[in-house]
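The values are calculated or read from the model by the stated rules, or taken from the named source; none is laboratory data. Keep in mind the model is a prediction, meaning the values are calculated, not measured. All Cβ positions, glycine included, derive from the backbone under ideal geometry; neighbour counts span all protein chains shown. These accessible areas exclude ligands, DNA and RNA; they are computed on the full protein's heavy atoms, side chains included. Shrake-Rupley method; radii C 1.70, N 1.55, O 1.52, S 1.80 Å.
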Amino acid sequence: IANGNINWGMIYATQQLESREILARNLGVEPGWLPATRGWAASPDFLLVIARLVAELQPRSVVECGSGVTSVVLSRLLSIMPGANILSFDHDPNFAQKTADMLRERDLPGPVGLSIAAAPMTQHVINGETFNWYMTEGVMVPEQIDLLVVDGPIVNNENPLARYPALPILGPYLSDKAVVVLDDANRPSEQQTLQRWVQEFPGWTVEMVPTEKGTAIMRRA
């Protein structure tokens, strides 16, 4: 507190640092082992939510929309689960390569079956509307997805509902115990996406987790 004012920025930064340290302990690594977790990267508190869900679900198959730090964390978490696999979509081949480099530098994915699909954005028609989302043609999507992490593609003015297609397109592959996690859930675009998901998938419930950028967890009712 300075001059009677609370420095919320410093408080939030401290919370993320603490979350990063807790995450590192959960992974059995030093905090410096983790890639950068600021800016566009997933926040430490969001990654802690992912770690909690992996411990709860013991997923055999994970699909993530948007590769990066989450790919590293998921690979490490699933390394003790024989037969587990991860499919990561990324529209940018350069970023997909950076993710592959981060994994290789940390001797990951280890025993985990991991594939990074450098899938360009293409048009999908959903309920008569056209959306830009990852190309799925030629991608081996698992028949049963236990955990779906939606942290991509990039949302902008030209594509405000960029993350909406994830559930309509991948919904048929979700297992009975599947959980869907949406990052950046505090943003208006993701709020609109959530509203549409709830309306179109009434058999699912939503839990909002107060992380730095907002996290929504969806489960079957």
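Answer yes if at least one residue in region 135-144 is over 16 Å from residue 90 (Cα atoms) and hydrophobic (A, V, I, L, M, F, W, C), and no otherwise. For region 135-144, residues over 16 Å from residue 90 (Cα atoms) and hydrophobic (A, V, I, L, M, F, W, C): absent. Evaluated against (1) farther than 27 Å from residue 157 by Cβ; (2) out of contact with any helix residue (DSSP H, G or I) (no Cβ under 6 Å at 6 or more places or on another chain); (3) of a type in the set (A, V, I, L, M, F, W, C); (4) open to solvent by 20 Å² or more (accessible area, probe 1.4 Å), residue 116 falls short on exactly one condition, (2). The residue that is most open to solvent (accessible area, probe 1.4 Å), among those in region 189-199 that are within 12 Å of residue 163 (Cα to Cα) and out of contact with any Asp or Glu (no Cβ under 9 Å at 6 or more places or on another chain), is 192. Taken as a whole, the structure places residue 85 among residues that are surrounded by fewer than 23 Cβ atoms within 10 Å (Cβ to Cβ) and closer than 19 Å to residue 180 by Cβ.
On inspection, residue 136 does not qualify as open to solvent by 40 Å² or more (accessible area, probe 1.4 Å), at pLDDT 95 or above and in a strand (DSSP E or B).
Residues of region 62-72 being of a type in the set (Val, Ile, Thr) and not in a helix (DSSP H, G or I), which ones?
Hits for region 62-72 are 62, 63.
Region 73-127 holds strands (runs of 3 or more DSSP E) entirely within its bounds, and those carrying 3 or more residues that are under 15 Å from the mean Cα position of the chain (by Cα), of a type outside the set (Val, Ile, Thr) and farther than 22 Å from residue 33 by Cα map to 85-90.
Taking (1) open to solvent by less than 10 Å² (accessible area, probe 1.4 Å); (2) free of Cβ contacts under 8 Å to residues at least 24 places away in the same chain in turn, residue 178 satisfies each apart from (2).
Mind checking whether some residue in region 188-197 is in contact with a Lys or Arg (Cβ under 6 Å, 6 or more places away or on another chain) and either at pLDDT below 95 or assigned to a helix (DSSP H, G or I) (or both)? Let's see the steps before the verdict.
So in region 188-197, the residues in contact with a Lys or Arg (Cβ under 6 Å, 6 or more places away or on another chain) come out as 193.
Keeping just the survivors that are either at pLDDT below 95 or assigned to a helix (DSSP H, G or I) (or both) gives 193.
Yes: region 188-197 contains one or more residues that are in contact with a Lys or Arg (Cβ under 6 Å, 6 or more places away or on another chain) and either at pLDDT below 95 or assigned to a helix (DSSP H, G or I) (or both).
Contact map, region 24-41: first residue in a helix (DSSP H, G or I), second residue loosely packed, with under 15 Cβ neighbours inside 10 Å, Cβ cut-off under 8 Å, separation 6 or more or different chains; pairs are 24/30; 24/33; 27/33; 31/21.
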